[in-house]
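**Student:** Would you mind keeping the following structure in view while I ask a few things?
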Amino acid sequence: MKSVITGSGIGVPKNVVRNEALTRLMDTTEEWIRTRSGIEERRYADPGQGSAELGSIAAEAALADARRSKKEIDAVIFATMTPNFYFPGNGPVLQAKMGFPETIPTFDIRQQCSGFLYGLDLADSLIQSGKYRRLLLIGADVHTPFMPWEMGWESTIGGTARELTPEEYAFNTSIRDRTVLFGDGAGAVVVESSEDGDRGFIAAKLFTDGSNIEALYVPGVGFRRRPYVDKEQVERAEPIPVMEGREVFKQAVSRMPESVRAVCAAAGVNVTDIDLLMVHQANLRIVEGVGKALALPSEKVPHNIERYGNTTAGTLPILYHECVRDGRIKPGMLICFTALGSGLHWGAALYRT
Ligand code: UT7
């Protein structure tokens, strides 16, 4: 018995924000963003549109694609590091929003950029256990709530542009290494048990190393603090993520290839057998670096970061969906998903279409 993806869908906001729009807010250039990250534009959610809203759009589309009704789903897994509320997670928010029967349990997982990858392995494990036959897996994140909207960011989504004060411009510049990289978006898949030959999930290798959490984390707003959030933390901008870009880059271009090799070895296939390598979209140079480290030709390593930026748990399901839609994913292909992100969590999974 195999776990098979029977449908996919995406939920991306309508607001397209090109690099040029960000150059008005901080000391950056269109060229820096494009050449250092590959990003040309990203999507920003409307006010009131959180990861649960985008996730619901993706989930409805995935259900329609799989031709499944809500009643036919046995459980939901929602991967996000940016839930609508601190608690509960997005599972119950989605349940109420979409009208899932209360008999369908919802699991909330985080794992940041590796959220969808971990979710896939969890979905397969739950199916293999025999407990559930059909799951809905959502990967969604919104990064705009991390942005300092009081510093003139409304202009990016159609609000009036205004002259920034030197202090506002300096603050935006102090976080430019992160803000230019991220966008909002969601993807979802329906995963079902199937006896359809070789088709389906083959294996995953997942890893965690918490020895350098500070490489990518949110320093404020945590429950080691009393209170867990206060005015001073906000003034010190501690709710904004901190990232050692070069360190994460280095980890990404070594750990992802290692995990792809490990999962191929576990499954008894060669890396060269991979037809399509779906790499978490954090930076085009990382995506290309991972492909190069594995000696895979560029046509086997698709990317869409130029249009969405990094949507964290959203990147892999959005990329998967677009590759199915444009015919790059065909029946019988060997696909490998790989991701690395905050934690650090990383890994790879093999899947036969
Ligand atoms: O999803 C997983 C999490 N994230 C990642 O995987 C991201 C991994 N890291 C990266 O993608 C890259 O390290 C970045 C895109 C964040 C940065 O690229 P880089 O080539 O590693 O640049 P850098 O950090 O070495 O910085 C080079 C220069 C610095 O100036 P100085 O010190 O050389 O004068 C930065 O201050 O670029 C400057 N810089 C910028 N300049 C214009 C940093 N951000 C910007 C910016 N615009 N937005």
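The values are calculated or read from the model by the stated rules, or taken from the named source; none is laboratory data. Because the structure is a prediction, the values reported are computed rather than measured. Neighbour counts are summed over all protein chains in view; Cβ atoms, including those assigned to glycine, are modelled from backbone coordinates with ideal geometry. With ligands, DNA and RNA removed, areas are computed over all heavy atoms of the protein, side chains included. Shrake-Rupley method; radii C 1.70, N 1.55, O 1.52, S 1.80 Å.
**Student:** Filter the strands (runs of 3 or more DSSP E) completely within the range 128-210 down to those with at least 2 residues that are in contact (Cβ under 8 Å) with a residue 40 or more places away in the chain and open to solvent by 70 Å² or more (accessible area, probe 1.4 Å).
**Tutor:** Strands (runs of 3 or more DSSP E) meeting the threshold: 200-208.
**Student:** Give just the number: which of (1) in the same structural domain as Ile77 (by TED's automatic domain parsing); (2) open to solvent by 70 Å² or more (accessible area, probe 1.4 Å) does Glu214 not satisfy?
**Tutor:** Of everything listed in (1) in the same structural domain as Ile77 (by TED's automatic domain parsing); (2) open to solvent by 70 Å² or more (accessible area, probe 1.4 Å), Glu214 misses just condition (1).
**Student:** As an exercise: evaluate Thr338 against (1) open to solvent by 10 Å² or more (accessible area, probe 1.4 Å); (2) over 21 Å from Glu192 (Cβ atoms) and give the number of the one condition it does not meet.
**Tutor:** Thr338 satisfies all of (1) open to solvent by 10 Å² or more (accessible area, probe 1.4 Å); (2) over 21 Å from Glu192 (Cβ atoms) except (1).
**Student:** Are any of the residues in the range 265-284 open to solvent by 20 Å² or more (accessible area, probe 1.4 Å) and either within 18 Å of the chain's Cα centre (by Cα) or within 29 Å of Trp32 (Cα to Cα) (or both)?
**Tutor:** Yes; the residues of the range 265-284 include at least one that is open to solvent by 20 Å² or more (accessible area, probe 1.4 Å) and either within 18 Å of the chain's Cα centre (by Cα) or within 29 Å of Trp32 (Cα to Cα) (or both).
**Student:** So which residues in the range 210-235 are under 14 Å from Ser342 (Cβ atoms) and either away from the ligand (no atom under 14 Å from the Cβ) or of a type in the set (S, T, N, Q) (or both)?
**Tutor:** Those that are under 14 Å from Ser342 (Cβ atoms) and either away from the ligand (no atom under 14 Å from the Cβ) or of a type in the set (S, T, N, Q) (or both): Gly210, Ser211, Asn212, Pro219, Gly222.
**Student:** On to the next question. Conditions: (1) open to solvent by 40 Å² or more (accessible area, probe 1.4 Å); (2) assigned by TED's automatic domain parsing to the domain that holds Cys323; (3) away from the ligand (no atom under 16 Å from the Cβ); (4) not in a helix (DSSP H, G or I). Glu238 meets all but one. Number of the miss?
**Tutor:** Here Glu238 meets the rest and fails (1).
**Student:** Which one is most open to solvent (accessible area, probe 1.4 Å), of the residues in the range 106-127 that are in contact with a Ser or Thr (Cβ under 9 Å, 6 or more places away or on another chain) and within 16 Å of the ligand (Cβ to nearest atom)?
**Tutor:** Going through the qualifying residues, I end up with Arg110.
**Student:** Could I ask something else about it? Kindly check whether there is at least one residue in the range 291-301 that is crowded, with 18+ Cβ neighbours inside 10 Å and touching a Gly at 6+ places or on another chain (Cβ under 6 Å).
**Tutor:** Scanning the range 291-301 turns up at least one residue that is crowded, with 18+ Cβ neighbours inside 10 Å and touching a Gly at 6+ places or on another chain (Cβ under 6 Å).
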